[in-house]
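**Q** One structure follows; several queries about it will come next.
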Amino acid sequence: MNEPAFTIGIEEEYLLVDPQTGALAEAPEALMADCAAALEGQVSPEFLRCQIEVGTRPHQTVAGAGEDLRHLRRTVAELAARHGLAPIAASCHPFSDWKEQHHTPKDRYDGLARDLAGVARRMLICGMHVHVGIEREDLRIDLMNQLTYFLPHFLALSCSSPFWQGEDTGLCSYRLTIFDNLPRTGLPPHLSGWGEFERSVAALVELGLIEDGTKIWWDLRPSHRFPTLESRICDVSPRVEDTLTLAALTQATLRMLWRLSQRNQRWRTYDAFLIGENRWRAQRYGCAEGLIDFGRREIVPVPELIDELLHLIEEDAGWLRSTDPCERARGMAAAGPSAVRQRAALERAKLAGASHEEALRAVVRHLAEEFTAGL
């Protein structure tokens, strides 16, 4: 049987801020026009006017996707600066109020605002999506069922949303708390095959509840537009290298699961009720308190789990030429995700005499610096 392409594409959503105040700022039409001209087909407005979304083209390797993504980030940062703005890649803004934001006037977003009412208005969140090319539809579903087990591991490494409207939420990924208020979100259901997925989506389309599969917002889903499996669990990462590590882990883990299938083996699937417990632990604690290993029936430190995963995917990372970005996950697990660094930036500013409000602005400056680091 032919091996899937395992091509990789990455989408990121950014927030635009005023570099002086750190507050959110709406993208002027001229900025969006400049971005569209410079990044044809790779940039678009997001639901809120203070957001912007970019997407790489499909690539065979993470290195190729990385070059593309760095170009996208660099271009957005340069063009935003011309308009007196700066982008940050964090899943929630540290202090701006969602009630003061306005959605982008576009048919799709007008429809979302109408259908989702107050739930949509609170959608001041950004994510990162990884597409991996898998041409066979039934294989896409089979691998989705198995990859779900690893979604909390990826989330724990990515958490970048500890603050909401100026307060520390105590969570590392508050984004999911907001996103889970929408319908058709959360962990994907266990499906028997492509036919069951198509019938489920068609039932909602025929009832006029959704237009198509783009309104299915699971943490992991078959893409409606591309022959890919799309991971949507992760917070957006302030640092581009962290994004590439998470993308590399997703790609290599999928190849590992496919490789098992060639030996008549598979990863054991667990009920969403159990995986959801790990999802919550990652959302709450990031890498700090460990995740459940359901085979061992133990709570295991995240660095140990990442070591085990890297051992499992070693052959696949080598085949995909992504060993180096995958190996970076060890350091990410040991140091903790962006949420840890954001809280540290807040405390540093307070120790230097800043008020709480000034310290939150220091967090935004920290995020703006990380956005352009390594570009």
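**Q** For segment 208-296, what class follows from the C-alpha gyration tensor (a ≥ b ≥ c being the square roots of its eigenvalues): rounded when a/c is under 1.5, otherwise prolate if a/b is larger than b/c, else oblate?
**A** In terms of gyration-tensor shape, rounded.
**Q** Among the aspartates and glutamates, which fall within straight-line cross-link reach of K106, defined as a Cα-Cα distance under 18 Å, with same-chain neighbours fewer than 8 residues apart omitted?
**A** The reachable aspartates and glutamates, counting only those whose Cα sits under 18 Å from K106, are E13, E26, E29, E46, E53, D115, E211, D212.
**Q** Roughly speaking, what is the stretch gain from Q60 to R263, that is 0.36 nm per residue apart minus the C-alpha to C-alpha distance, in nm to one decimal?
**A** So the chain would gain 70.6 nm between Q60 and R263.
**Q** Continuing with the same structure: Fewest Cβ neighbours within 10 Å first, please rank H93, H71 accordingly.
**A** Going from least to most buried by this count: H71, H93.
**Q** Please give the peptides 323-335, 140-152, 286-298 ranked by average Cβ packing (other Cβ atoms within 10 Å per residue), highest first, as a rough proxy for protection.
**A** 140-152, 323-335, 286-298
**Q** Now for a different question. Any chance you could give the angle, 0 to 90 degrees and rounded to 10, that helix 29-38 forms with the longest Cα principal axis of the chain?
**A** On a 0 to 90 degree scale, this one is about 50.
**Q** Taking the chain as the reference, fit the longest principal axis to its C-alpha atoms, fit the long axis of helix 338-351 to the helix C-alpha atoms, and give the angle between the two in degrees, 0 to 90, nearest 10.
**A** Compared with the principal axis, the helix lies near 30 degrees.
**Q** Report, in degrees rounded to the nearest 10, the 0 to 90 angle that the Cα long axis of helix 194-206 makes with the longest principal axis of the chain.
**A** 50 degrees
**Q** Which value results when the Cα radius of gyration for segment 198-256 is divided by 2.2 N^0.38 Å?
**A** Cα Rg divided by the expected 2.2 N^0.38 Å: 1.40.
**Q** Could you check the simple spin-label distance between L116 and E29, using points 7 Å along Cα→Cβ, in nm with one decimal?
**A** Here the modelled spin labels are 2.5 nm apart.
**Q** 7 Å from Cα along Cα→Cβ at both E137 and W319: what's the point-to-point distance in nm?
**A** 2.5 nm
**Q** Moving on to the next point. For each cysteine in the chain, check whether another cysteine's C-beta sits under 4.7 Å from its C-beta; list those where none does.
**A** By the Cβ distance rule, which asks for a partner under 4.7 Å, the isolated cysteines are C35, C50, C92, C126, C234, C287, C326.
**Q** When the chain is fully extended, how far beyond the present Cα-Cα distance does E100 get from W194, taking 0.36 nm per residue of separation?
**A** Extending this stretch completely gives an extra 29.7 nm.
**Q** Which one, Y109, I125, S192, is farthest towards the positive end of the dipole of segment 8-372 when Lys and Arg carry +1 and Asp and Glu -1 on their Cβ?
**A** It is S192, whose Cα lies furthest towards the positive end.
**Q** Turning to a different aspect of this structure: In debye to the nearest 20, how big a dipole does the chain give about its Cα centre with +1 on each Lys and Arg Cβ and -1 on each Asp and Glu Cβ?
**A** Numbers: 41 positive and 54 negative charges, 73 e Å.
The calculation lands at about 340 debye.
**Q** Could you calculate the FRET efficiency of E347 with W280 from 1/(1 + (r/R0)^6), where r is the beta carbon distance between them and R0 is 30 Å, rounded to 0.05?
**A** Numbers: r = 26 Å, r/R0 = 0.85.
With a Förster radius of 30 Å, E is 0.70.
**Q** Please report, in Å, the Rg and the Dmax of segment 309-368, where both are computed over Cα atoms only.
**A** 17.3, 51
**Q** Counting residues in segment 66-210 as N, plug N into 2.2 N^0.38 Å and put the Cα Rg over that result.
**A** Rounded to two decimals, the normalised Rg is 1.25.
**Q** Give the relative contact order (percent, whole number) for the chain; include only Cα pairs under 8 Å separated by 6+ residues. If you can, show how the numbers build up before the last one.
**A** Numbers: 685 pairs, mean separation 79.8, N = 375.
The normalised contact order for the chain reaches 21 percent.
**Q** What is the gain in length, in nm to one decimal, between L375 and D307 on full extension, counting 0.36 nm per residue of separation less the C-alpha to C-alpha distance?
**A** So the extension gain works out to 21.7 nm.
**Q** Taking 37 °C and 0.692 mPa s as the conditions, I'd like the Stokes-Einstein D for the chain in µm²/s, using the Kirkwood hydrodynamic radius from alpha carbon pairs.
**A** For these conditions, the coefficient is 157 µm²/s.
Since every read-out is calculated from the coordinates, none of them should be taken as a lab result. Not measured: the values here are computed from a predicted model. Neighbour counts are summed over all protein chains in view; Cβ atoms, including those assigned to glycine, are modelled from backbone coordinates with ideal geometry.
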